[in-house]
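Right, one structure below, let's go through it.
The values are calculated or read from the model by the stated rules, or taken from the named source; none is laboratory data. The structure displayed is predicted, hence computed values, not measured ones. Using ideal geometry, Cβ is built from the backbone for each residue, glycine included, and neighbour counts are taken over all protein chains shown.
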Amino acid sequence: MTFGLGGYMATAAGYDPQIVERAGLDESTAWKMKAGLVGFQCAGLLLAIGIMWLYPITRQRAEETQRKLRAAAH
C-alpha cells in the first residue's frame with residue numbers, strides 16, 4: 001500500500017522531478033519524504049498490532065474454526 005501512495009506522498013512533500021533534475025533534491029523535501037514514508041509504515045504497523053490485539057487467535061479458537069471449515073466442506 002505504501003508503494004501505491006508513494007507518488008502522492010512525494011508530491012505532498014514537495015517533490016518536483018523537473019526541479020530535482022536541474023538543482024538536486026532539496027534537504028527539507030527529502031526529509032519530508034522520508035518522514036512521510038516512515039510515518040505511514042509505522043501507522044500501518046500500529047494498526048496491524050491493534051487489530052491483532054483486539055482479535056486474539058487462541059488454540060481453542062483456531063481449532064473451532066478448522067472444525068467449522070471441515071464441516072462446511074462436507
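When region 30-74 is filtered for residues that are at pLDDT 85 or above, among the small types (Gly, Ala, Ser) and touching a helix residue (DSSP H, G or I) at 6+ places or on another chain (Cβ under 9 Å), only Gly44 remains. Only one entry of Met9, Met52, Met33 meets the criterion of being in contact with a Gly (Cβ under 7 Å, 6 or more places away or on another chain) and of a type outside the set (Val, Ile, Thr), and that entry is Met9. Considering only region 34-74, state which residues are under 20 Å from Ala12 (Cβ atoms) and either of a type in the set (D, E, K, R) or exposed (fewer than 10 other Cβ atoms within 10 Å of the Cβ) (or both). Residue satisfying the conditions is Lys34 alone.
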